[in-house]
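Just so you know, all these numbers are worked out from the coordinates, no wet-lab data involved. Since this is a predicted model, take the numbers as computed values, not measurements. Neighbour counts are summed over all protein chains in view; Cβ atoms, including those assigned to glycine, are modelled from backbone coordinates with ideal geometry.
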Amino acid sequence: MAANQSVTYVEAINQAIKEEMRRDEDIAVWGVDVIGDFEVTTTLGILEEFGEHRIMDTPITEEGIVGLAAGAAFAGLRPIVTLMHASFVPLALDALFLKLGCNYQEWGYAFQLPVVVMTPVSSGIGMGADLALSPEALVVHSPGLKVVMPSTPYDAKGLLKTCIRDDYPVIFMPHLGLYNDNKQEIPADEYTIPLGKADIKRKGADITIVTYSRMVLTALEASNRLSEEGIEAEVIDLRSLVPLDIDMIAASVKKTGRLIIVHEAYKRGGFAGEILFRLIEKAPELIKTLKHDIKRLTAPNISLPHTAYLEKQMIPQVEDIFRTVKEMF
Amino acid sequence: MIEQVPKDILQKMYRDMVTGRKLDEFFLKLAASGDSDKDVPHRGAGEEAVVVGICANLRKDDYIKVTTRTRHCLTAKGMSIKDVLATKSYRDQRGVGGHCNYYDHEYGIIPYSGTLGEDVMVATGAALAAKLRNTDRVAVAIYGDASGNRPSIHSSMVFASAWKLPIIFVIQNNQYGMGTSVRKSYAIEDLSDRAKGFGFPGKTVDGNDVLEVYEVSKAFIERAREGNGPALIAAETYRLYGHYEGEGQKYRPEGEAEEWSKKDPLPRYTKQLLDMNVLTKSDIEKLDHEIEAEIEESMNFARSLPKWKIEDYHKNCIAEL
């Protein structure tokens, strides 16, 4: 057993890709500026280690980046492709939603389609609606896509390795705002994390906070403040939206009797609605026994502004979670 | 020109064209019959020369993506009539088929996309895989003049040219995208001019002349196989029938279809082969019967297979996730 190592989120992603590329020579990476001459850092050093047949900077045409991945996977490769920002998902939506998400199902899984589309949510620095969108609602609606949104270096590495080994398409959405902060001790030895298993990031008996991606850190900070006020929140990090670990959510809500769902995506049609309905289907009686109405905290249905201080007021902050949860007691 | 083409290839192309034509006619008959396997035919009779001429230059391990209109001409790529009919009637043993959804991994047949033209990116991806895996396989993407305006085609060309991918783009210009004339949707006369801005060669051919399609695609396919990158062929042909069987065709000028039907590629090619003594009239009759019998037998075979059931279809899916 090798010692632990301390890594950032982006280093964890980088390690996952390289380890998998060493294991399987059919893996190839392409996307805009992935070689690393610009500012993309998740794929640094791949050219040097694996050569130009394994990593390529592409022309800037997102639908082509993803569309070609579908064909290359059909023809035997295992592509990992990147879209520089998750808000570019609409640019490639036919390729994502239909080619990757529907067509192989239409064929009754007659062939495998091992593609990972890696695309970071880029909110938090005032890049506006065009660049800061958290687009998970657009992709979870496709019947054949798995959707993964990790919050820590440990999760990012273990989940991404599982995504790369999956024989069917996965959308892996890290958060740009997590890349370089929050170093974490992770095992130096190889490990993977299965998709569809949520993680309790903080145990608590009074309220369940269900969230994912960067909002996990926000929720943890708010939970610490709530604890000072005598409220112990349980923070569930979904890690993957599809598959969804509804069992863990149901068990936690049964215990706490209170539920708040937090995400930074827009409210209308957002994933919070899906979580709640899945919970109702899973445990219809449970809903009737809750101690308080279920709440959700999300961005409002107003386009994100190109101004950091205004954007901050639209995406849930520690104070927002703290205040809303307190109102539930 | 015809003298230089090997006799077995001339005969293969004839057989492929007749098969395509007879399948088109068979589907029409099926649609009119009230049979449970019927669908609304999008007829491609009169456009077969494009797929057939190109496939005569392809190997089994090359990739191809065709249009919905001439998908049944894929017997030219090696798919059997049995597989065509099983696929069409949802009885395919390798996957759920459907009337448009032809796919065959063994013969490099890339699934068609209902969002027309988006599948050209998939074919381009297959060409990328062929290159990255150090093979000398090529990919061909055939699409209509209308889908040719989709951004996905341009994206494909951007990648193919920048990365010198072994792919041949083919516009099967049948003059109409549903009810819109190609003249309304392009400002250029010669559709192969589209290649110029991407820096690869383009050529317009008479798409109703299977020999010209064969010759031009042969040169481009060899060029791509040798690592010299993509090319574009604009094959001029004509949609002799409605977008789908039964629509009003109000957009068509009077007499236009009649003029084009005189250029039907099948009688034209038949005459060339008869003149050259590659085929005799009795060969033709014999082949006609042979193919008709094979279609009949294949449909009976297809009907003997179980249809896909909704439970089987769900079995493999991740709907529960």
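Computed quantities for the displayed model
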{"quantity": "Hz values of 3J(HN,Hα) by residue in the stretch B:212-224 - Karplus curve (6.51, -1.76, 1.60), Gly and Pro given as x", "calculated": "5, 4, 4, 5, 5, 5, 4, 5, 5, 5, 4, 4, 5"}
{"quantity": "Vicinal HN-Hα couplings computed from phi for the stretch B:147-163 (Karplus, 6.51 cos²θ - 1.76 cosθ + 1.60; Hz; Gly/Pro x)", "calculated": "5, x, 8, 5, x, 4, 5, 5, 4, 4, 5, 4, 5, 4, 6, 5, 9"}
{"quantity": "Highest to lowest packing among A:275-286, A:147-158, scored as the average C-beta count within 10 Å", "calculated": "A:147-158, A:275-286"}
{"quantity": "Inter-label distance, nm, simple model (7 Å from Cα along the C-beta direction), B:Phe301/A:Arg22", "calculated": "5.0"}
{"quantity": "Theoretical ellipticity at 222 nm over chain A - DSSP helices of four or more residues, -39500 (n - 2.57) apiece, nearest 500", "calculated": "-10000 deg cm²/dmol"}
{"quantity": "Total charge dipole magnitude, the protein assembly as shown, about the Cα centre, Cβ charges on Lys, Arg, Asp, Glu only, Debye to nearest 20", "calculated": "880"}
{"quantity": "Too-long pairs where the Cα-Cα distance tops 26 Å, listed order kept, from A:Lys161/A:Lys197; A:Lys255/A:Lys295; B:Lys77/B:Lys309", "calculated": "B:Lys77/B:Lys309"}
{"quantity": "Whole-Hz couplings from phi, Karplus 6.51/-1.76/1.60, listed for the stretch A:321-329; x for Gly and Pro", "calculated": "5, 3, 5, 5, 5, 4, 5, 8, 10"}
{"quantity": "Chain B: C-alpha gyration tensor shape, a/c 1.5 cut-off, then a/b vs b/c", "calculated": "rounded"}
{"quantity": "DSSP beta bridge pairing in chain B, given as percent antiparallel to the nearest 5", "calculated": "10"}
{"quantity": "Residue with peak Gaussian network fluctuation, chain B [Cα springs, cutoff 10 Å], from B:Tyr103, B:Tyr112, B:Tyr241", "calculated": "B:Tyr241"}
{"quantity": "Mean Cβ neighbour count within 10 Å, used as a protection proxy, ranking B:210-223, B:156-169 highest first", "calculated": "B:156-169, B:210-223"}
{"quantity": "Among B:Ser217, A:Thr42, A:Ser142 - extreme Cα towards positive end, dipole of the protein assembly as shown, charges at beta-carbon", "calculated": "A:Ser142"}
{"quantity": "Distance in nm between pseudo-label sites at A:Ile302 and B:Glu290 (7 Å out along the Cβ direction from Cα)", "calculated": "7.5"}
{"quantity": "Highest-MSF residue in chain B out of B:Gly114, B:Gly148, B:Gly255 [GNM, Cα springs under 10 Å]", "calculated": "B:Gly255"}
{"quantity": "Relative contact order %, chain A, counting alpha carbon pairs below 8 Å whose residues are six or more apart", "calculated": "17"}
{"quantity": "B:Ser261 paired with B:Asp8, simple spin-label distance in nm, labels 7 Å along Cα-to-beta-carbon", "calculated": "3.8"}
{"quantity": "DSSP-defined antiparallel bridges as percent of all bridges, the protein assembly as shown, nearest 5", "calculated": "20"}
{"quantity": "Computed FRET value (nearest 0.05) for B:Lys60 with A:Glu229, which takes r as the C-beta separation and R₀ as 51 Å", "calculated": "0.10"}
{"quantity": "Cα gyration tensor shape for the stretch A:199-327, rounded if a/c is under 1.5, else prolate or oblate", "calculated": "oblate"}
{"quantity": "Chain A: most fluctuating residue of A:Arg22, A:Arg296, A:Arg165 per GNM, C-alpha cutoff 10 Å", "calculated": "A:Arg22"}
{"quantity": "Shielding by partners, peptide B:172-179 (average Cβ within 10 angstrom, other chains)", "calculated": "0"}
{"quantity": "Rel. contact order, % - alpha carbon contacts under 8 angstrom, at least six apart, the stretch A:4-187", "calculated": "28"}
{"quantity": "Under-5 Å amide H pairs with A:Met118, H placed in peptide plane, nonlocal only", "calculated": "A:Val81, A:Thr82, A:Leu83, A:Phe172"}
{"quantity": "Sum of -39500 (n - 2.57) over DSSP H runs of 4+, divided by residues of chain B (222 nm, nearest 500)", "calculated": "-13500 deg cm²/dmol"}
{"quantity": "Mean Cα-pair separation over length for chain B, i.e. relative contact order, pairs under 8 Å, 6 or more apart, %", "calculated": "21"}
{"quantity": "Exposure proxy ranking, count of Cβ atoms within 10 Å, fewest first, for A:Lys295, B:Lys196", "calculated": "B:Lys196, A:Lys295"}
{"quantity": "Filtered GluC sites (Glu not before Pro), the stretch B:228-266: DSSP coil and at most 12 other beta carbons within 10 Å", "calculated": "B:Glu254"}
{"quantity": "Interchain or long-range residues, amide H under 5 Å from B:Val205's placed H", "calculated": "B:Ala234, B:Ala235, B:Glu236"}
